[in-house]
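Reviewing the structure listed below.
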Amino acid sequence: MRETTGERIFRVGIITFLTLFICIPLYVMVTSAMKPLGDVQGNFTWIPSTITAQPFFDMWKTVPLADYFVNSIIVASLATLFSVVVAIFASYAVSRWRFRGRTVFTTTVLSTQMFPGVLFLLPLYIIFVNIANATGVTLVGTRLGLVITYLTFSLPFSIWMLAGYFDGIPRELDEASWVDGCTPLQTLYKVVLPAARPGVIAVAIYAFMTAWSEVLFASVMTTDANRTLAVGLRQYASQTNVYWNQVMAASLAVSLPVVCVFMLLQRNFVAGLTAGAVK
C-alpha cells in the first residue's frame, strides 16, 4: 500500500517534532557546559557568546566527582554482575524444569513490576536496620546495601526476559548435550548461554543503567563516603549559588559511560529485548 502525500507529511512532521524534542535539551546542556557561569545564570542565549572548557575542569574541584565516579562504577558493576548471574540460573530453571511452585514463583516475580519502586523504600530500610541490629552487618549507608537494593529492581525483569529467551532455544540442544555426557550445568554454559548471548547482554545493560542512574534509593541508602554520581550532582548547588555550567558538564560526563556502552551493544540489546518479549 502506497503512502499518500498527507501521510508522508504527517510522518515527517512527527519525526521532526520528536527529533527536536530530543535534541534541543541536549543542545542546551552541551552549550551550557561550555559557557561561563554568568552567561548561564543571566539571560538565556541559544548561541554562546563565549565558549570555554573551564567548567569541565572546575567540576572535579567543586565536588569530589572522581570519588562519586568510583562509587557508581563499583555499585553498578556489582549489581550488574549479581543480577546477570542470578537471573541466568533462575530463568534457566524456570524455562527447562517443571517443579512445584514454579507458577507461583513466576507470578510473584512479574507482580513486583506492578508497583512503583518508591513503595519499597521504607520496607527495605526497615529490613536493613533489623539485619544490622540482629547480625551486626551494616547495610544502610554502604555499597553492599545499595547493590542489594538495586538487585530488587533489576532481578524480576531480568528473570522474566531471560526465561522467555531461553524458551526460544530448542530443548533438543540440551538433550543432545546430555547424550554427549554434559551435565545440566555444562549444558547451560556450553550450549544455552552462547545461544542466549543477546538476551544476557540486554539484561546486563538494563541492570547497569538501572543502578547507574537511580537517585531516590541512593539518596537514602548512602552517606558522604559512598555517595553515587546521581546523588552527587546535587552538591553543585550551595546555599548561595548553583553552578549550572558545572552541573551540565558533570551531567555530560555522567552520561558518557552509559551512552558508550549502549552504542557498542545496541544491536544485541535490541535483539535481546525483542526476542525475549516475543518468545
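A few comments on the model shown:
- Residues of the range 195-215 classified as assigned to a helix (DSSP H, G or I) and either in contact with a His (Cβ under 9 Å, 6 or more places away or on another chain) or within 26 Å of F56 (Cα to Cα) (or both), total: 6
- Reported count of residues in the range 184-197, each being small (G, A, S) and surrounded by fewer than 16 Cβ atoms within 10 Å (Cβ to Cβ), is 1.
- Of all residues in the range 138-166, those that are under 17 Å from L119 (Cβ atoms) have Cβ atoms under 7 Å from Cβ atoms of residues that are of a type in the set (D, E, K, R) and open to solvent by less than 40 Å² (accessible area, probe 1.4 Å), 6 or more apart or on another chain, in Y150/E214.
- In the range 89-109, the residues that are surrounded by 10 or more Cβ atoms within 10 Å (Cβ to Cβ) and within 20 Å of V200 (Cβ to Cβ): F89, A90, S91, Y92, A93, V94, S95, R96, T106, V109
- Residue match in the range 265-274 (condition: surrounded by fewer than 22 Cβ atoms within 10 Å (Cβ to Cβ), out of contact with any strand residue (DSSP E or B) (no Cβ under 9 Å at 6 or more places or on another chain), within 27 Å of P116 (Cβ to Cβ) and modelled with pLDDT of 85 or more): no
- If only residues of the range 17-64 that are among the aliphatic types (A, V, I, L, M) and touching a helix residue (DSSP H, G or I) at 6+ places or on another chain (Cβ under 6 Å) are counted, the one that is nearest to D224 (Cα to Cα) is V63.
- Scanning the range 125-139 for residues that are surrounded by 13 or more Cβ atoms within 10 Å (Cβ to Cβ), of a type outside the set (S, T, N, Q) and in contact with a Leu (Cβ under 9 Å, 6 or more places away or on another chain) yields a count of 6.
- Any hit, the range 256-264, residues being closer than 19 Å to W60 by Cβ and modelled with pLDDT under 85: yes
- Residue within the range 236-247 that is of a type in the set (A, V, I, L, M, F, W, C), within 19 Å of V140 (Cα to Cα), outside any helix (DSSP H, G or I) and more than 17 Å from the chain's Cα centre (by Cα) present: no
- Residue match in the range 93-112 (condition: among the polar types (S, T, N, Q), touching a residue at least 60 places away in the same chain (Cβ under 8 Å) and either within 30 Å of Y189 (Cβ to Cβ) or in contact with a Gly (Cβ under 8 Å, 6 or more places away or on another chain) (or both)): yes
- Matching entry among T149, T187, T112 (being in a helix (DSSP H, G or I) and modelled with pLDDT under 80): T112
- Some residue of the range 42-53 being within 25 Å of the chain's Cα centre (by Cα) and open to solvent by 30 Å² or more (accessible area, probe 1.4 Å): no
- Output for the range 198-249, where each listed residue is among the aromatic types (F, W, Y), under 15 Å from S158 (Cβ atoms) and surrounded by 23 or more Cβ atoms within 10 Å (Cβ to Cβ): F208
- Counted residues, the range 173-183 - those being out of contact with any helix residue (DSSP H, G or I) (no Cβ under 8 Å at 6 or more places or on another chain) and open to solvent by 60 Å² or more (accessible area, probe 1.4 Å): 4
- Screening A33, A76 for residues that are surrounded by 16 or more Cβ atoms within 10 Å (Cβ to Cβ), closer than 23 Å to Y165 by Cβ and within 27 Å of the chain's Cα centre (by Cα) leaves exactly one candidate, A76.
- Any hit, the range 223-231, residues being hydrophobic (A, V, I, L, M, F, W, C), within 23 Å of Q41 (Cα to Cα) and part of a helix (DSSP H, G or I): yes
The values are calculated or read from the model by the stated rules, or taken from the named source; none is laboratory data. Worth saying up front: this structure is predicted, and the values here are computed from it rather than measured. Glycine gets a Cβ as well: all are built from the backbone with ideal geometry, and neighbour counts include every protein chain shown. Keep in mind that these areas ignore ligands, DNA and RNA; they rest on the heavy atoms of the full protein, side chains included. Shrake-Rupley method; radii C 1.70, N 1.55, O 1.52, S 1.80 Å.
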